[in-house]
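Colleague: The structure is given below, and queries will be raised subsequently.
The values are calculated or read from the model by the stated rules, or taken from the named source; none is laboratory data. This is a predicted model, so every value here is computed, not measured. Methodologically, a virtual Cβ is constructed for each residue, glycine included, from the backbone with ideal geometry; neighbour enumeration extends over all protein chains shown. Surface accessibility is based on the protein's heavy atoms, side chains included, excluding ligands, DNA and RNA. Shrake-Rupley method; radii C 1.70, N 1.55, O 1.52, S 1.80 Å.
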Amino acid sequence: TKRRLLSLGIAGLMGSTLAAAPAAAQGANFTGFRIGAIGGWDNSGVNFDDDVFEEGRTSQNGFFYGADIGFDYQWGDIVGGIEAELSDSTAGREDLLTGVREDGVVVTANTNVDMGGNFYIGIPGRGVVKPNLLPYAKAGYTHATIDIDGEGFADDDPFTFDDGISMDGFRIGAGGEYVFSGGFYGKAEYRYSNYNNGELNVEGDDIELETAFDAIDFDRHQFVLGVGLRF
């Protein structure tokens, strides 16, 4: 199944990263807390199931920004730990939708879809290749929101709406971190997020979207640059 293949991919990705690391340099110690700022390119989109739709993938691009915090513990040439991240994104799109309801009413709506906040918590695995170079892989849980608002007409009657979708899924990624003097570091990373469960909030009511997620697959591709401090 897709989930089993993804699980094997995560394990292989983390295993290859750690196996590639030679012995740590004497005196290097990466145990402790770290905090950082991140930013980069965000591509978010919907993959439609070919057995249900013929739309392929629709997406929008933008810039994302945020902050992360973590704690690492070093075992010889391996550095493991836990990390959390909060971010937001400028990715979004505008669409003009038209349709006819079952009662014959013609509906036209201008919609604005914006990616909202994103929360992630996961486990990174690093290997010390040189005293200050740490390639890594990561995997964990992610939660994202989408804000949907707009206005339109049902025949000649105007209406407005301002709703949102909350989604849960997983994230995997890989990158490299370079540590400078004083504990400052920079990093570059690619990560992939997939959301397979969600709720639509309409005027305060939560509607489960399990059936919809059987036919669509919401995902994100992000390229990240970050800076931070280990202490």
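Colleague: Can you tell me the length gained on complete extension of the stretch residue 180 to residue 67, counting 0.36 nm per residue apart and subtracting the Cα distance?
Modeller: Here the answer is 38.7 nm.
Colleague: What GluC sites (Glu not before Pro) in the range 68-176 are in a loop by DSSP, with at most 13 other Cβ atoms within 10 Å of the Cβ?
Modeller: When the GluC sites (Glu not before Pro) of the range 68-176 are filtered for loop state and at most 13 Cβ neighbours within 10 Å, 102 remain.
Colleague: Right, another one. For 75, 41, what's the largest-to-smallest order of accessible area, 1.4 Å probe?
Modeller: Final ranking, largest accessible area leading: 75, 41.
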